[in-house]
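Inspection log for the structure reproduced underneath, given as structure tokens.
Nothing in this text is a laboratory measurement; each read-out follows from the coordinates by a stated rule. Computed from a prediction, not measured in an experiment: that's the story for all the values here. Using ideal geometry, Cβ is built from the backbone for each residue, glycine included, and neighbour counts are taken over all protein chains shown.
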Amino acid sequence: MNLSTGDRTKYPHFAQYVRYAIPKLADVPLIVKNVKKYGSLSAAQFKTAITWKSNPLIIIKDLNIHTCGAAGTGAWGCFRSASPNQLEVRKDLVESFETNMSAGTDNKNAKGKVVYVVGATLLHELCHWGNNKAGVAEAVEMGLAFEKATYGKTIW
């Protein structure tokens, strides 16, 4: 995963998270298994995708208004097949992470363990990215299916 130079400067804590913490997920068997099942990425493809400075490029933008098809207040993230090497993440989510570096009380998995919403969002969108790369049509929302299988619930 990668960030623009401007976003690395503007969001240094998030950049560090993407650079150092996200690649460690390649060593979490449940995540690797579920990214393969719901995102059509082999373990090697997943490891490459979450390696610093590789595609996809993370675009931080206001998704409150442009909802990417989500109902309500907007989506946390978005993948668009028209931009196949990018994942979009909601700006206020990244800003909250940057300020607090905390997952918050509502952001826990089904077992009560804290989960960073921004991290779950990246993996959710990576499932759509992987399916698009593999030419796999999604009959159901595979990002949400990944979250439920990995965290025991959806992470908002």
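Sort the following peptides by mean Cβ neighbour count (other Cβ atoms within 10 Å, averaged over residues), highest first: 132-141, 43-52. All intermediate terms of the calculation are to be shown ahead of the outcome.
Numbers: 132-141: 12.0, 43-52: 16.1.
Top of the packing list down: 43-52, 132-141.
Starting from the 7 Å offset along Cα-to-Cβ, what nm value, one decimal, do you get for the label separation of Val136 and Lys111?
The answer from the label model is 2.4 nm.
Quote the charge dipole size of the chain about the Cα centre in Debye, to the nearest 20; the model charges only the Cβ of Lys and Arg (+1) and of Asp and Glu (-1). Kindly include the intermediate steps, with their values, before the conclusion.
Details: 19 positive and 12 negative charges, 100 e Å.
I would put it at about 480 debye.
Hey, for a label at Lys91 modelled as a point 7 Å past Cα toward Cβ, could you say which residues of segment 46-66 have their backbone N under 15 Å away?
Residues 59-66 qualify, since their backbone N sits under 15 Å from the label point.
Using the charge dipole of segment 2-151 (Lys, Arg: +1 at Cβ; Asp, Glu: -1 at Cβ; taken about the Cα centre), state which of Ile59, Thr48, Thr150 has its Cα farthest towards the positive end.
Selected residue: Thr48.
Using 0.36 nm per residue, how much length does the chain from Ser83 to Thr154 gain when fully extended, once their Cα-Cα distance is taken away? Before the final figure, lay out each step's value.
Numbers: separation 71, 0.36 × 71 = 25.56 nm, distance 2.51 nm.
Residue separation times 0.36 nm, minus the Cα-Cα distance, leaves 23.1 nm.
Per-residue HN-Hα couplings for segment 49-56, Karplus 6.51 cos²θ - 1.76 cosθ + 1.60 at θ = phi - 60°, whole Hz, x for Gly and Pro?
Once rounded to whole Hz, the list reads 5, 9, 6, 4, 6, 9, 6, x.
Under 5 Å between amide hydrogens, which residues at least 5 positions from Val115 or on another chain qualify, with H placed 1.01 Å from N in the peptide plane?
Those lying under 5 Å, H to H, from Val115 are Lys108, Asn109.
Return a whole-number percent for the relative contact order of segment 2-151, with Cα pairs under 8 Å and 6 or more residues apart as the contact set.
25
Treating cross-link reach as a plain straight distance, find the lysines whose alpha-carbon is under 29 Å from the alpha-carbon of Lys36, omitting any fewer than eight places away in the same chain.
By straight Cα distance, Lys36 reaches Lys24, Lys47, Lys53, Lys61, Lys91, Lys108, Lys111, Lys113, Lys133, Lys148, Lys153.
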